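Data block below; observations after.
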Amino acid sequence: MQIRFHCPNETCVAIIEFEPLEEAGDSIECPRCHTRHKIEATQSVNQAGLLERCPLCSCSEMFVRKDFPQAFGVALVILAGAISFATLKSNSTIAYGVLLLAMFVDFVLYMVVGKMTACYACRAEFREAELNPEHEGFDLATSEKY
Ligand SMILES: [Zn+2]
Ligand SMILES: [Zn+2]
């Protein structure tokens, strides 16, 4: 399993990735500020090897979401919108075609990307792991507790 999280050190902006988490031991060092962050890699998974709570902050509330590259999705929509706007007067076929194509690419991407688990409290992300059926999709009410 891979863990990805923003360095909890407030003065540091690093995004830390470590893989496999199973071999992280009891801490992961930030490559930028060299703070060692405590991690409970083995204590946080159950006997079946499923994630039960966040190894980083011990929070037991986690959610599952599609591992969709959101920045790419947004960029695609903006680009398609701009092309569409620029060609609307001269060639409406291209203008609408571009929008349809962007929607289609978004849809295909959504279908092919895998799922990942994330922590409500610290937003750490966990990939390449089997999903715990007890973790549900993102819930705004739960999220607002944090
Ligand atoms: Zn750091
Ligand atoms: Zn957490």
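Per DSSP H run of at least 4 residues, take -39500 (n - 2.57); add these up for the chain, divide by its residues and hand me the 222 nm value, nearest 500 deg cm²/dmol.
Values: 3 runs with 43 residues, N = 146.
About -9500 deg cm²/dmol.
Share of Cα-Cα pairs in the range 70-111 beyond 17 Å, in percent?
On the way: 242 of 861 pairs.
Summing the P(r) tail past 17 Å for the range 70-111 gives 28 percent.
For Phe107 and Glu17 in one chain, what is 0.36 nm times their gap in residues minus the Cα-Cα distance, to one decimal in nm?
Values: separation 90, 0.36 × 90 = 32.40 nm, distance 2.78 nm.
So the chain would gain 29.6 nm between Phe107 and Glu17.
Sticking with the crude label model, points 7 Å out along Cα→Cβ, report the distance from Cys33 to Glu128 in nm, one decimal please.
2.7
To the nearest 10 degrees, how steep is helix 70-87 against the longest Cα principal axis of the chain, on a 0 to 90 scale?
So the helix axis and the longest Cα principal axis differ by about 10 degrees.
Could you tell me what fraction of 2.2 N^0.38 Å the Cα radius of gyration of the chain comes to, as a two-decimal ratio? Let's see the in-between values first.
Values: Rg = 19.5 Å, N = 146, 2.2 N^0.38 = 14.6 Å.
Normalised Cα radius of gyration, the chain: 1.34.
All of the numbers you see were taken from the coordinates with simple rules; none came from a lab. What you see is a predicted model; the values in this text were computed from it and never measured. Here the Cβ is made from the backbone with ideal geometry for all residues, glycine too, and neighbour counts use every protein chain on show.
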